[in-house]
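Structure first, then comments.
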Amino acid sequence: MTLGGGYTVKYFNRSVALTIAALSVAACASRDSDHSAGGDVGSTASAFSGGPKLIDVDVRNYELDMEHVRKWLAGMEALMSAAKSDTSIAAAVASNGQETTQQSIAKLDANDRARELLRQAGLTPREYVLTMTAYLQAATADAAQRASPPGKAPSDVNPKNVEFIRDHRSELEPLINKAGLSPTS
């Protein structure tokens, strides 16, 4: 399964892959307007969702850093591992693609084991979802800008996060690969 930003799920179970894909769609959906021009990542995400805008937590002011990305990936690894044997964790990370960001946070927060796994990784459920969303937004915007021909990146992505992706690409790629997400572009 390919995610926004040119990342492919290698070995996650289906519910986890759907959650990440849903969050990447949510991360790309524009809150303010739909664009109908081809190549607009925001309009593609909105069209794919087939429903209302999915962003209800504003991540435009959330700035990525290596510490949070490492913690997010550690938390994701712990959740994915636990989801294989714990249906309550699998349910907490599963998504139907129509959940809001706040609902995704609430599902993780309501699950004691998921919350504890994230705490052990150094994150709250909110930090986990915000970091993942901000990362996927920035990776998608970066991939759109690097595509040939360049696509139109979502307008509501924090430009500092796109810069972060570019500045830390060599550091991020091995971490992303280890987590089971690998760049395809």
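Can you spot a residue in region 2-22 that is aromatic (Phe, Trp, Tyr), under 30 Å from residue 163 (Cβ atoms), surrounded by 15 or more Cβ atoms within 10 Å (Cβ to Cβ) and at pLDDT below 95?
Yes, that holds for at least one residue.
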Item to complete: Collect the residues in region 38-85 that are at pLDDT 50 or above, aliphatic (A, V, I, L, M) and more than 14 Å from residue 129 (Cβ to Cβ), keeping them in residue-number order.
Response: 66, 74, 78, 80, 82, 83
Discussion item. Kindly evaluate residue 154 against the criterion of being assigned to a loop (DSSP other than H, G, I, E, B) and touching a Cys at 6+ places or on another chain (Cβ under 7 Å).
Written reply: yes
Worksheet item: Which of the residues belonging to region 55-99 are over 17 Å from residue 111 (Cβ atoms), among the β-branched types (Val, Ile, Thr) and crowded, with 18+ Cβ neighbours inside 10 Å?
Response: 55, 59, 69
Response to the item:
Of the residues in region 110-151, those that are part of a loop (DSSP other than H, G, I, E, B) and under 17 Å from the mean Cα position of the chain (by Cα) come to 123, 124
Fill in: Search result, residues across region 138-166 that are buried (at least 17 other Cβ atoms within 10 Å of the Cβ) and among the hydroxyl-bearing types (Ser, Thr, Tyr)
140
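Could you run through region 167-180 and say how many residues are surrounded by fewer than 16 Cβ atoms within 10 Å (Cβ to Cβ), touching a residue at least 12 places away in the same chain (Cβ under 8 Å) and in a helix (DSSP H, G or I)?
Within region 167-180, the first condition is being surrounded by fewer than 16 Cβ atoms within 10 Å (Cβ to Cβ), and the residues that meet it are 167-171, 173-174, 177-178.
Among the residues that remain, those that are also touching a residue at least 12 places away in the same chain (Cβ under 8 Å) are: 168, 171, 178.
In the following step, the residues that additionally are in a helix (DSSP H, G or I) were identified as 171, 178.
Residues meeting the conditions: 2.
The values are calculated or read from the model by the stated rules, or taken from the named source; none is laboratory data. Since we're looking at a predicted model, the values are computed, not measured. So basically every Cβ, Gly included, is an ideal-geometry build from the backbone, and we count neighbours across all protein chains shown.
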